[in-house]
Amino acid sequence: MQRLIKNLNYFWNKFKDNKGQFWEELEEQLVTSDISISTAGKMLDEVKDYVYRENINDSGKVKALLKKQIIEILNGNKDHKLNIPAARPAVILVVGVNGVGKTTAVAKLAKLFKEEGKKVLISAADTYRSAAVEQIQYYAEKLGLDMVSHQKLSDPGAVVYDSIEKAKARNIDVVIIDTAGRMQTSYNLMEELKKIKKVINKRIGREVDEILLVVDSTTGQNAKNQAELFNNALNLTGIILTKVDSASKGGIVITIKHDLGIPIKMVSNGEKMEDIFQFDAVRFTELIFS
């Protein structure tokens, strides 16, 4: 992962020489690292207020204050743990645009739950791309997991219905649903996903346990736009962040959490099936400052 602040040592040394220029450049660095202006402003207002009130002249303390602000934003008042209730089956709906690593994230989640001793079923509800079904089928066979799929262009809601019924019949612990990422318009996609959500709610008699948006951390501000679109339609419960080991600057995570209030729940940072972890705000913040 790239640093949130480039040329870190040189940059912090400017604090003693020209504080006005330091604050301006720090804000610029935050914004160019995919942190929204409102989020950057909130963080810097808090830090500057404390620095001037306590007459702090140590750049190391300023950096620690900024880290503290980021951790507080990322932690917020929502849990990073996945919601897996006692009621069975627990249902996780995974959404996102094509190309963000959605299907792979589904497989990684499935492997994680299997290793915890849970019985997992994968629902291949992306019926618009035959490659998506083939990919998830490959993972299901590799992991030795049950999977439900229908023919290409069949009704995704029917796939989900059958998946939940099969899960009930076989006493499955967790159903993970892969969904389409692109249709002819975003309106059509959202309406299809809303329909799937209604099917799940009706079949399990409660709200979907998790609705997770997969976000490619390298896409910058576009990731926030995706999060807004999916959140308005579905009321997301969390984010799965992918590709954090490539060109990611990290700031978009802070923006999504601060501006939209959606918690980051899982991080996928590699090609291996086991490369998925529960999000840790402290660890993440240390990485982007390292």
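The values are calculated or read from the model by the stated rules, or taken from the named source; none is laboratory data. Here the structure is a predicted model, which means the values were calculated and not measured. Counting neighbours? That spans all protein chains shown, and the Cβs are built from the backbone with ideal geometry, glycine included.
Can you confirm whether the range 194-210 contains a residue that is under 20 Å from residue 268 (Cα atoms) and touching a Gly at 6+ places or on another chain (Cβ under 8 Å)? Scanning the range 194-210, I find at least one residue that is under 20 Å from residue 268 (Cα atoms) and touching a Gly at 6+ places or on another chain (Cβ under 8 Å), so the answer is yes.
Residue-wise test of (1) touching a residue at least 40 places away in the same chain (Cβ under 8 Å); (2) touching a helix residue (DSSP H, G or I) at 6+ places or on another chain (Cβ under 7 Å); (3) not small (Gly, Ala, Ser).
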| residue | (1), (2), (3) |
| --- | --- |
| 204 | yes, yes, yes |
| 207 | no, yes, yes |
| 210 | yes, no, yes |
| 215 | yes, yes, yes |
| 220 | yes, yes, no |
| 227 | no, yes, no |
| 244 | yes, yes, yes |
| 271 | no, no, yes |
| 276 | yes, yes, yes |
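For first residues located in the range 81-103 and on the phi > 0 side of the Ramachandran plot and touching a residue at least 12 places away in the same chain (Cβ under 8 Å), partners that are crowded, with 17+ Cβ neighbours inside 10 Å and of a type in the set (Phe, Trp, Tyr) and lie 6+ apart or on another chain with Cβ distances below 8 Å form the pairs 96/230.
Taking the criterion of being in contact with a strand residue (DSSP E or B) (Cβ under 9 Å, 6 or more places away or on another chain) and either modelled with pLDDT of 90 or more or surrounded by fewer than 19 Cβ atoms within 10 Å (Cβ to Cβ) (or both), the residues of the range 247-263 that qualify are 256, 257, 262, 263. For the range 68-95, the set of residues classified as part of a loop (DSSP other than H, G, I, E, B) and not aliphatic (A, V, I, L, M) consists of 76, 77, 78, 79, 80, 81, 83, 85, 88, 89, listed by residue number.
Just so you know, in the range 46-91 the residues that are closer than 30 Å to residue 177 by Cα and of a type in the set (S, T, N, Q) include one that is surrounded by the most Cβ atoms within 10 Å (Cβ to Cβ), and it is 75.
Taken as a whole, the condition of being modelled with pLDDT of 95 or more and outside any loop (DSSP other than H, G, I, E, B) does not apply to residue 65.
Checking each residue in the range 181-205 for being over 12 Å from residue 164 (Cα atoms), part of a helix (DSSP H, G or I) and over 20 Å from the mean Cα position of the chain (by Cα) picks out 187, 188, 191, 192, 195, 198.
The lone criterion from (1) assigned to a loop (DSSP other than H, G, I, E, B); (2) over 23 Å from residue 234 (Cβ atoms) left unmet by residue 128 is number (2). Go through (1) among the small types (Gly, Ala, Ser); (2) part of a loop (DSSP other than H, G, I, E, B); (3) within 24 Å of the chain's Cα centre (by Cα) one by one and return the number of the condition residue 154 breaks. Evaluating residue 154 over (1) among the small types (Gly, Ala, Ser); (2) part of a loop (DSSP other than H, G, I, E, B); (3) within 24 Å of the chain's Cα centre (by Cα) leaves (3) as the failure.
The listed residues are 277, 230, and the only one of them that is within 24 Å of residue 122 (Cβ to Cβ), of a type in the set (A, V, I, L, M, F, W, C) and modelled with pLDDT of 95 or more turns out to be 230.
Conditions tested, residue by residue: (1) modelled with pLDDT of 95 or more; (2) not assigned by TED's automatic domain parsing to the domain that holds residue 205.
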{"site": "61", "(1), (2)": "no, yes"}
{"site": "71", "(1), (2)": "no, yes"}
{"site": "99", "(1), (2)": "no, no"}
{"site": "102", "(1), (2)": "no, no"}
{"site": "121", "(1), (2)": "yes, no"}
{"site": "134", "(1), (2)": "no, no"}
